[in-house]
1. Taking the Cβ of Gly253 as the centre, find all other residues whose Cβ is under 15 Å away and add up their charges (Lys, Arg: +1; Asp, Glu: -1).
2. I need the shape label for region 59-147. Rule: rounded when a/c is under 1.5, else prolate if a/b > b/c, else oblate, with a, b, c from the alpha carbon gyration tensor.
3. Using a 10 Å cut-off around each Cβ, can you sort Thr225, Thr189 from fewest to most neighbouring Cβ atoms?
4. Pull up all non-local amide H partners of Ser169: gap of 5 or more, or a different chain, and H-to-H distance under 5 Å with H placed in the peptide plane.
5. Through the Karplus equation 6.51 cos²θ - 1.76 cosθ + 1.60, θ set to phi - 60°, convert the phi angles of region 126-132 into ³J(HN,Hα) values in whole Hz; use x for Gly and Pro.
6. Need the full-extension length gain, Ser265 to Asp192, defined as separation in residues times 0.36 nm minus the C-alpha distance. One decimal, nm.
7. Return Tyr102, Tyr165, Tyr145 ranked ascending by Cβ neighbour count within 10 Å, so the fewest neighbours appear first.
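Every number in this text was worked out from the coordinates using simple rules, so none of it is lab data. The model shown is predicted, which means the values in this text are computed figures rather than measured ones. Cβ coordinates were reconstructed from backbone atoms using ideal geometry, including for glycine residues, and neighbour counts include every protein chain displayed.
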Amino acid sequence: MDRRKFLALFGMGACGGVAGTSLARSNASPETSSPTDAVVSNEQEDENPTSSGMQRIIWSVDTEQPIAALTFDDGPDPEFTPHILDILDRHEAKATFMVMGYNAVRHSNLLRDIVAAGHEVGGHGWSHRNLSEATPEQASREIEYGNRMIEERAGVPLRVFRPPYGRFSQAAVRLLASSPLDLVVWSVTRGDLSWKEPRSIASHVVRSLSPGDIIDLHDGIGRGTFNRGKPFGERLRRRRETEIQALPGIIEGARAKGLRLDTVSDLIAAWKPSDVG
């Protein structure tokens, strides 16, 4: 099904009020699965969906302005976040950090550094659980408890939430329905996970990038946080190191195309509404 049509149907039928923007390409990687592969699980669907207070489900934004959003998932992490903040500062770029609640509690000083540097903070669950497989109780802990821990330590309210892996159930969406948060996914990723050359990653991202896109990178290792010394965690660590090395080239390449990299909320503010039906 066409993604624009899917969002319109999902908004009217599944959640009673969730609207989507029009979508650009999806260059998602297996690690952060394509939202079109498994956007929503119907396992917990009820027959009487409630009206939604959530704003939008967003992969990318229709805009005439030369702007794209830069986002980082899974942090803050002392191994990666400080390096990313330094690069962003040197290049005068802004970003949205989609924060794991567990890491917000463990590294609240880094979270405050993100905010102090003028970047945006979004929610990314408590422990990076796949919400499409979570029970309502597990989803509540991931979303509501995770968001509360992030807000308490960041000292600022959240405006956006990204489900881990880009996957979510209708139960998870209903939890967000009582909040004003936009549910934000992505339209551009680092590309092939086997790529080990920063130049290849930067080239792929810049080549894929257009106004309105949302780039998905990382400043943490998600579930690998709990398996840091094991093979899975080590693989993620190496990928993150390569992404960080690619970041200057991504920012410079975007600017060479005339694009400004900014926060998700700034990108949404540049949104030109269009029919999603």
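1. +2
2. Because a/c hits 1.5 or more and a/b fails to exceed b/c, region 59-147 counts as oblate.
3. Ordered from fewest to most neighbouring Cβ atoms within 10 Å, Thr225, Thr189 come out as Thr225, Thr189.
4. Ser41, Ser132
5. Using θ = phi - 60°, the values come out as 6, 10, 6, 6, 5, 6, 6 Hz.
6. 23.5 nm
7. In increasing order of surrounding Cβ atoms, one gets Tyr145, Tyr102, Tyr165.
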